[in-house]
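Trainee: The following block contains the structure, expressed as structure tokens.
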Amino acid sequence: MNSLDEQITPTRMLFMGEAALTDGFKLIGFETWADPTPAVLDQQLEQLLKRREKAFIILGPALAQCQSALLKQVRTEGGYIIVTQIPSLADPDNFHCEIDDRLQLLLGAELPLSQE
């Protein structure tokens, strides 16, 4: 194995959210946690940061809105851990995520974002 092969590591795909969605995410190759607590999220983020692993993380709305200092750090730093969120199954029409606010600033305060 050459040094390039040793440097290439796969990106971990993690889903942490509503139990009703975990089977679907598992089928497409995600590691899943059904209805995890913020403590579980912090534990996984701490491991990823310590090991400097690349990861794509999809969070359910409860975890995406939790007050985790590690989650805030990861979102602020960017880089090798990407975090996004999905809408609640109970209220998919009322979905709002952090990127919406940033896009609104770029587009201007008077321009509403389309839901299309």
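Every number here is computed from the coordinates shown, using simple stated rules; none is lab data. Model, not experiment: these values are computed from the prediction. Glycine also receives a Cβ, built like all others from the backbone with ideal geometry; neighbour counts cover every protein chain displayed.
Trainee: If Lys and Arg each add +1 and Asp and Glu each add -1, what is the summed charge of the other residues whose beta carbon sits under 10 Å from the beta carbon of residue 81?
Mentor: Details: positive: 12, 52, 54, 75; negative: 53, 77.
Here the charged neighbours net out to +2.
Trainee: Could you work out the local net charge near residue 17, counting Lys and Arg as +1, Asp and Glu as -1, over the other residues with Cβ closer than 13 Å to its Cβ?
Mentor: Net local charge, residue 17 excluded: -3.
Trainee: When a/c reaches 1.5 or more, the comparison of a/b and b/c decides; with that in mind, is region 8-90 rounded, prolate or oblate per its Cα gyration tensor?
Mentor: Oblate, because a/c is 1.5 or more while a/b does not exceed b/c.
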